Every structure is written in structure tokens, then in C-alpha cells.
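K.L.:
Let me give you the structure first, and then I'll get to my questions.
The values are calculated or read from the model by the stated rules, or taken from the named source; none is laboratory data. Remember, it's a predicted structure, so these values are computed and weren't measured experimentally. Quick reminder, even Gly has a Cβ in these numbers, built from the backbone with ideal geometry, and neighbours come from all protein chains shown. Just the protein is used for accessible areas: all its heavy atoms, side chains included, with ligands, DNA and RNA removed. Shrake-Rupley method; radii C 1.70, N 1.55, O 1.52, S 1.80 Å.
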Amino acid sequence: MKKRIFKFIAKAIILFFASTILSVVVLKFVPVVITPLMVVRLFEQENGPILDHDWEPLENISKNLQKAVIASEDQAFFTHNGFDFKAMEKAYAHNKKGKRIRGGSTISQQTAKNVFLWQGRSYLRKGLEAYFTVLIEFIWGKERIMEVYLNSIEMGKGVYGAESAAQHWYSKSAKNLTQTEAAGIAAILPNPLKYKARNSSRYINKRKSKISRMMNDVRLEY
């Protein structure tokens with residue numbers, strides 16, 4: 001009986017690693033058509049399902065937007081291996097003070113979570129997030145991570161990815177986003193269902209200005 005259980009567990013472990021590694025390898029070359037969050041949001045919408053998502057290769061996405069998300073979300077993107085422990089420590093200290101909640105996740109971690117996992121907070125999900133983060137850093141590399149990130153994250157109600165966001169907020173293609181427009185999209189990423197990239201609140205306008213200034217120091221190192 002014990003041998004059967006051991007064999008079952010061993011097979012399950014092998015299957016898990018084989019399937020997850022294969023999925024990461026495949027998505028290194030294949031566009032991410034839909035994510036778990038997109039599916040969840042479809043069921044949450046009250047006035048009918050809305051899903052605006054157009055995949056574009058990174059070369060068709062303005063470098064301004066690439067710099068904006070690095071400036072706002074992950075300034076150490078090109079130097080870390082998936083985890084920014086200094087940012088995590090700062091976020092923890094900030095949140096302990098009871099101020100506006102700040103996340104410490106890198107772009108790599110956010111990409112792993114958005115593409116492969118469900119939303120929510122649990123040790124299991126965080127563990128799997130770390131596992132997939134290591135995989136995509138090793139198998140995809142920074143350029144592919146950025147491409148998938150900018151094509152899959154939520155940027156408005158029913159709006160996912162840079163191209164859809166650019167059309168939704170500014171009626172133009174992602175390739176033609178200006179520095180200010182890119183900063184506007186990046187500014188709402190902490191809560192894209194609440195904030196607006198245009199006709200923004202005072203808080204978002206301050207974030208736009210700060211992000212726009214920080215973008216001048218970002219160098220793309222693919």
C-alpha cells in the first residue's frame with residue numbers, strides 16, 4: 001500500500017514539473033491568448049462580458065510604455081533574477097505603517113501570477129508564483145517577460161494589454177504612445193478598475209508626473 005502511494009506521489013510530482021515546464025517553453029513562442037484573471041473578470045462584470053485584448057509583439061509597443069512600467073513597477077527589472085528583496089522589505093515596512101498598500105512584486109512575479117495562476121493570497125499561490133518566476137526568468141528572459149507582461153496585464157475595465165489600453169484611453173496604437181500617455185497608463189496599474197489614465201484624479205496626476213520624470217533614467221537593456 002505504501003509503495004503504491006509513493007509511486008502515485010512520485011508520478012504526480014513528475015507530471016507537475018513536466019507539464020509546467022512544457023507550458024512555459026510553449027509560451028516562450030506562442031502568444032498568451034487568455035489568462036485566469038481575464039476569465040474571472042468576465043464572470044464578475046455586471047453589464048455583460050467585456051474582453052478587449054489584442055496581442056502585439058514588443059517591437060510594436062512604444063518604448064515609452066516599456067520604460068514607464070519599469071519606472072513605476074520594477075526599477076530593478078534588468079538587474080534582479082526575478083525577485084527584488086529590497087523592494088519587498090520597503091513594501092513591508094511601508095504597509096506596517098498603515099499607509100496606502102504598496103506591493104513589492106517584480107514585473108517577473110506579476111507576469112508569472114497573471115499568466116499561470118489565480119488571484120488571491122495564500123502560501124500555496126505565493127510558492128507557485130516563485131516557482132513560475134524562476135522558470136520564466138530562466139526560459140523566457142527579460143525581453144519575453146516584458147512582452148508577455150505588456151500584453152496580458154489589466155489596464156482598465158475589460159481592457160488587457162498595451163494595444164487595447166492605448167486604443168481605449170488615447171484612441172491610438174501602442175506603438176505611438178507618448179511619454180506622458182505611457183506614464184498615464186502605468187500610473188493606474190495598481191488598480192486599473194478604479195483609476196483612469198485620462199481625466200484622472202489628483203492622485204493619479206501626481207503619479208503620472210513622477211513616473212514621467214523617472215522614465216528619463218530608465219535604459220532598456222534587452
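K.L.:
Does any residue in segment 57-71 that is part of a loop (DSSP other than H, G, I, E, B) come within less than 7 Å, Cβ to Cβ, of a residue that is surrounded by fewer than 22 Cβ atoms within 10 Å (Cβ to Cβ) six or more places away or on a different chain, and which pairs are these?
P.N.:
I61/K175; S62/K175; S62/N176
K.L.:
For residues in segment 130-154 being within 13 Å of Q110 (Cβ to Cβ) and aliphatic (A, V, I, L, M), which is most open to solvent (accessible area, probe 1.4 Å)?
P.N.:
So, considering only residues that are within 13 Å of Q110 (Cβ to Cβ) and aliphatic (A, V, I, L, M), the one most open to solvent (accessible area, probe 1.4 Å) is A130.
K.L.:
So if I check each of G184, G156, G141, which one is out of contact with any strand residue (DSSP E or B) (no Cβ under 7 Å at 6 or more places or on another chain) and within 19 Å of T20 (Cβ to Cβ)?
P.N.:
Among G184, G156, G141, only G141 is out of contact with any strand residue (DSSP E or B) (no Cβ under 7 Å at 6 or more places or on another chain) and within 19 Å of T20 (Cβ to Cβ).
K.L.:
Also: In segment 101-129, what residues are open to solvent by 20 Å² or more (accessible area, probe 1.4 Å) and basic (K, R)?
P.N.:
Across segment 101-129, the qualifying residues are R102, K113, R121, K126.
K.L.:
Out of all the residues in segment 2-48, which are open to solvent by 90 Å² or more (accessible area, probe 1.4 Å), in a loop (DSSP other than H, G, I, E, B) and hydrophobic (A, V, I, L, M, F, W, C)?
P.N.:
Listed by number, the residues that qualify are F29, V33.
K.L.:
Q75 passes all but one of (1) open to solvent by 70 Å² or more (accessible area, probe 1.4 Å); (2) farther than 21 Å from P190 by Cα; (3) among the polar types (S, T, N, Q); which number fails?
P.N.:
(2)
K.L.:
Can you pull out the residues in segment 165-190 that are open to solvent by 10 Å² or more (accessible area, probe 1.4 Å) and assigned to a helix (DSSP H, G or I)?
P.N.:
Matches in segment 165-190: Q167, H168, W169, Y170, K175, N176, Q179, T180, E181.
K.L.:
Would you check if L51 is surrounded by 10 or more Cβ atoms within 10 Å (Cβ to Cβ), of a type outside the set (G, A, S), in contact with a Leu (Cβ under 9 Å, 6 or more places away or on another chain) and in contact (Cβ under 8 Å) with a residue 12 or more places away in the chain?
P.N.:
Taking the combined requirement at face value, the residue satisfies it.
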